[in-house]
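Accompanying notes for the structure given below.
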Number of protein chains: 2
Amino acid sequence: MKFGIVIFPSKSMQDKANSFRKRYDPHYALIPPHITLKSPFDATEEKAKEIAQELDKVSDKLKPFTLKIGKVSSFAPVNNVIYFKVEKTPELEALNEKLHTGYFAQEREYTFVPHITLGQDMSDGEHADVLGQLRMIEFHHEQTVDRLHLLYQLEDGSWTVYETFQLGKDC
Amino acid sequence: MKFGIVIFPSKSMQDKANSFRKRYDPHYALIPPHITLKSPFDATEEKAKEIAQELDKVSDKLKPFTLKIGKVSSFAPVNNVIYFKVEKTPELEALNEKLHTGYFAQEREYTFVPHITLGQDMSDGEHADVLGQLRMIEFHHEQTVDRLHLLYQLEDGSWTVYETFQLGKDC
């Protein structure tokens with residue numbers, strides 16, 4: 001089965017993102033608004049506890065940090081994906097790095113560009129229209145991140161949380 | 001905002017439930033298949049950490065237990081809700097009781113009937129049809145439950161996990 005590791009931003013941030021996802025993101029109903037820290041990876045259901053233990057070790061040693069979100073951007077022309085840009089702080093980069101080395105070694109398909117997806121699977125025309133509109137939005141959000149979530153995917157493509165991990169228990 | 005406390009059964013059980021929910025449950029996209037331990041209750045976002053601390057105390061002292069699921073039933077004529085019946089074991093009852101007393105005191109609207117909803121908001125005719133079909137299903141599922149989840153509701157009605165709580169850390 002597929003596992004993934006994400007940050008869920010605060011409720012207000014999720015509500016804001018969902019107001020766009022509802023219209024523009026076909027994955028809207030599959031998962032709440034999130035920042036992907038590690039792309040979906042395969043493991044058996046029995047491995048979940050081991051993954052959780054390793055994730056505990058990572059999260060215990062990293063302090064809660066500030067998340068800065070603002071500005072709508074796009075991955076076009078590579079992908080017609082519109083997103084809220086998340087500032088790539090050293091803390092976020094370190095966390096992402098720890099989730100791609102050692103026990104969590106995984107080849108990267110793309111460079112890490114932290115983001116919250118607002119729309120995807122769009123035609124070029126729709127993408128240009130929507131991006132034009134959303135780029136006008138004045139938005140800035142700042143919050144503390146103190147937890148990560150390990151998720152697994154169901155048959156229908158939706159995601160369920162297996163466990164949460166608080167940052168900085170050993171700090 | 002609204003908080004709720006649930007058990008997510010294993011992936012295979014969720015997949016089974018979703019195969020019915022997809023067709024019969026309008027809440028299908030709002031939350032993965034679950035057993036509600038405490039109905040939605042109001043609290044401010046700032047209260048989340050306190051609720052989590054109290055839930056930690058409850059879950060630390062209760063051991064993992066066996067969940068037995070089988071037989072499709074309905075809350076009709078009170079509500080046209082079709083569900084997988086979950087056996088009301090002493091462990092499940094004790095857990096539910098702890099989530100309705102002390103810090104978690106809450107008036108109960110209904111007696112606790114542990115279940116996984118498969119369909120709801122049905123007309124009487126549709127309800128009778130679907131129940132007639134699903135009652136024929138031979139199904140039995142048994143698994144260990146070792147964790148609870150505290151959720152909060154977004155503006156659009158969907159639920160995000162705030163934190164997971166492992167059972168029996170103090171046992």
Problem set entry | Hey, B:T144 out of contact with any Cys (no Cβ under 6 Å at 6 or more places or on another chain), more than 14 Å from chain A (Cβ to nearest Cβ), hydroxyl-bearing (S, T, Y) and under 28 Å from A:I31 (Cα atoms) or not | no
Exercise. Can you name the condition, by its number, that A:Y103 falls short on among (1) among the hydroxyl-bearing types (S, T, Y); (2) in contact with a helix residue (DSSP H, G or I) (Cβ under 9 Å, 6 or more places away or on another chain); (3) farther than 24 Å from A:K47 by Cα?
Worked result: (3)
Exercise. Quick one: what pairs do we get from segment A:10-23, first residue assigned to a helix (DSSP H, G or I), second modelled with pLDDT under 95 and surrounded by fewer than 18 Cβ atoms within 10 Å (Cβ to Cβ), C-beta under 7 Å, 6+ apart or different chains?
Worked result: A:K11/B:E45
Exercise. Among helices (runs of 4 or more DSSP H) lying entirely in segment A:45-156, which contain 1 or more residues that are closer than 18 Å to A:N18 by Cα?
Worked result: A:124-134
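Anything in segment A:79-90 that is touching a residue at least 12 places away in the same chain (Cβ under 8 Å) and over 15 Å from the mean Cα position of the chain (by Cα)? List them, or say none.
A:N79, A:N80
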For this session: Restrict the check to segment B:89-103 and report whether at least one residue is surrounded by 12 or more Cβ atoms within 10 Å (Cβ to Cβ), more than 17 Å from B:P64 (Cα to Cα), out of contact with any Ser or Thr (no Cβ under 8 Å at 6 or more places or on another chain) and not acidic (D, E).
Result: yes
Problem set entry | Enumeration of residues in segment A:11-53 that are under 13 Å from the mean Cα position of the chain (by Cα), within 12 Å of another protein chain (Cβ to nearest Cβ) and of a type in the set (S, T, N, Q) | A:Q14
Exercise. Can you name the number of the only condition in (1) loosely packed, with under 12 Cβ neighbours inside 10 Å; (2) at pLDDT 95 or above that A:E46 fails?
Worked result: (2)
For this session: Taking the options A:T160, A:T164, A:T101, A:T111, name whichever one is away from chain B (no Cβ under 14 Å), without any contact (Cβ under 8 Å) to a residue 60 or more places away in the chain and under 15 Å from the mean Cα position of the chain (by Cα).
Result: A:T111
Exercise. Does A:K169 qualify as being at pLDDT below 95 and either within 14 Å of chain B (Cβ to nearest Cβ) or within 18 Å of the chain's Cα centre (by Cα) (or both)?
Worked result: yes
Seminar exercise, completed: For A:A128, the lone unmet condition from (1) over 28 Å from A:L95 (Cα atoms); (2) in contact (Cβ under 8 Å) with a residue 40 or more places away in the chain is (2)
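The values are calculated or read from the model by the stated rules, or taken from the named source; none is laboratory data. Being a predicted model, the structure only gives us computed values, none of them experimental. Please note: Cβ atoms are built from the backbone with ideal geometry, for glycine as well, and neighbour counts cover all protein chains shown.
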